[in-house]
Ligand code: SF4
């Protein structure tokens, strides 16, 4: 399933990688959230394609994002 992060709006709170570190992590350069390299599409840190067993975790992270910039599906 597709996952996107509007990284320009990220406030680097850390909630998403705390909730779901299988899909999200801190970008070492700007401190904002990114999709883990394994699931990035075309090397884009803002877009991923994740397996079905991680959808619930990614959705929980999306629900927990205080600025609502994570989209799943
Ligand atoms: S939860 Fe939202 S604001 Fe916080 S680090 Fe993740 S994407 Fe950024």
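Since every read-out is calculated from the coordinates, none of them should be taken as a lab result. Small disclaimer: the values here were computed from a predicted structure and weren't measured.
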With the 8 Å Cα cutoff and a minimum separation of six or more residues, region 2-72 has a relative contact order in percent of 40 percent
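With all pairs of different alpha carbon atoms counted, what Kirkwood hydrodynamic radius in Å does region 2-72 show?
Numbers: mean 1/r = 0.0870 Å⁻¹.
Hydrodynamic radius (Kirkwood, Cα only) of region 2-72 equals 11.5 Å.
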